[in-house]
1. Give me the number: length gained by fully extending Asn186 to Lys66, i.e. 0.36 nm times residue separation minus the C-alpha to C-alpha distance, one decimal in nm.
2. Take the residue pairs Lys189/Lys228; Lys77/Lys187; Lys77/Lys123; Lys40/Lys95 and return only those whose Cα atoms are more than 22 Å apart.
3. Mind giving me the nanometre distance, one decimal, between the label points for Ala257 and Glu225, set 7 Å out from Cα along Cα→Cβ?
4. Using θ = phi - 60° and the Karplus form 6.51 cos²θ - 1.76 cosθ + 1.60, what ³J(HN,Hα) does each residue of the range 225-237 get, whole Hz, x for Gly and Pro?
5. Starting from the 7 Å offset along Cα-to-Cβ, what nm value, one decimal, do you get for the label separation of Lys240 and Ser159?
6. Residue-wise, which Karplus ³J(HN,Hα) couplings in Hz belong to the range 57-67, taking 6.51 cos²θ - 1.76 cosθ + 1.60, θ = phi - 60°, and x for glycine or proline?
7. With a sphere of radius 14 Å drawn around the Cβ of Phe238, what net charge do the other residues whose Cβ falls strictly inside it have (Lys, Arg +1; Asp, Glu -1)?
8. Roughly what would the spin-label model give for Lys95 and Lys40, points 7 Å off Cα along C-beta, in nm?
Amino acid sequence: MSDELSRKLESKIDKKLKSRKKTLDDGFKKGKVVNEVLDKPTVMTLYKMISDHVIAYVNGAVSAGKESVLFWGVDEKENNVALKIYLVSTSNFKKREPYILGDPRFSNLKKGTKNLVYLWAKKEFRNLTQCFDAGIPVPKPILVTNNVLAMEFVGENGSPAHSLLDSQVDQDDYDQAISIIKDMYNKAKLVHGDFSEYNIFKTENGLIVFDLGSAVDLRHPNSQEFLKRDINNITRFFNKRGISVEDPTELFEEIIA
Ligand SMILES: Nc1ncnc2c1ncn2[C@@H]1O[C@H](COP(=O)(O)OP(=O)(O)OP(=O)(O)O)[C@@H](O)[C@H]1O
Ligand SMILES: [Mg+2]
């Protein structure tokens, strides 16, 4: 693409991104967030999602993590869309390698950070799709393009639903969390790998698990170790909140049996 054309596209998307002027929760102006957080290829990817009618516009940033930012998009039917954008420039993907090397679904891995970022986004999309198809409560995946993953927005008006950490929890939540681990293992053939109170929404329709980038295929050599850790983490959380929990080792044995 010529420089002239890419400049034009960029200014066009910048206009779209800024078209709904509003200050974000963190006090940033949208244009500023876009200019400072998103690199040019990412802006181009968002533009592509607009021209492909995946979204109609982008409403601004919802949350910024170290390696991804979550943007609030809106589609042509006014549905909210969550855009999880993996940051290409700042990512330290070394620590992600153990979750992707060893997964037979991604055996022909090419070297290079950008490549790995794109692959990671694709991996999270595949994991979401595998879970969604198996009937596990996850945000419905929509599409992945380069480092941008579009999925159902869980929450209202650009505010994500509360995580388990920020919610009152009861016995039924514990049961649901354990069912999710079991179903992921037995039906979706995956282990989450980062299953915790931070990565589960509590909604009025029950728990919804997200952040599936780390999820691995059962054939991954460390899948059982990851499963053990997932069970331990969630057990510790519910135990601390005064919920009666099953013995994590027995639970582990029961799941892999
Ligand atoms: N589908 C979604 N709908 C609404 N909000 C979402 C969705 N997915 C993620 N979020 C919000 O974005 C935040 C970060 O998402 P996620 O946990 O997937 O990314 P992450 O890279 O692990 O970031 P962090 O390091 O903050 O955990 C979540 O805590 C949640 O508030
Ligand atoms: Mg997370």
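1. Working: separation 120, 0.36 × 120 = 43.20 nm, distance 3.18 nm.
Gain on stretching Asn186 to Lys66: 40.0 nm.
2. Lys77/Lys187; Lys77/Lys123; Lys40/Lys95
3. Once both label points are built, they end up 2.6 nm from each other.
4. 5, 5, 4, 4, 5, 4, 5, 4, 4, 6, 5, 4, 4
5. In this crude label model, Lys240 to Ser159 measures out at 2.4 nm.
6. Result, rounded to whole Hz: 7, 10, 9, x, 8, 9, 8, 10, x, 6, 10.
7. Details: positive: Lys202, Arg236, Lys240, Arg241; negative: Asp170, Asp172, Asp173, Asp175, Glu197, Asp230, Glu246, Asp247.
Neighbourhood net charge equals -4.
8. Label-label distance for Lys95 and Lys40, simple model: 3.1 nm.
Every number here is computed from the coordinates shown, using simple stated rules; none is lab data. It should be emphasised that the depicted structure is a prediction, and the values quoted were computed from it without experimental measurement. Reconstructed Cβ throughout: ideal geometry from the backbone, glycine too, with neighbour counts over all protein chains shown.
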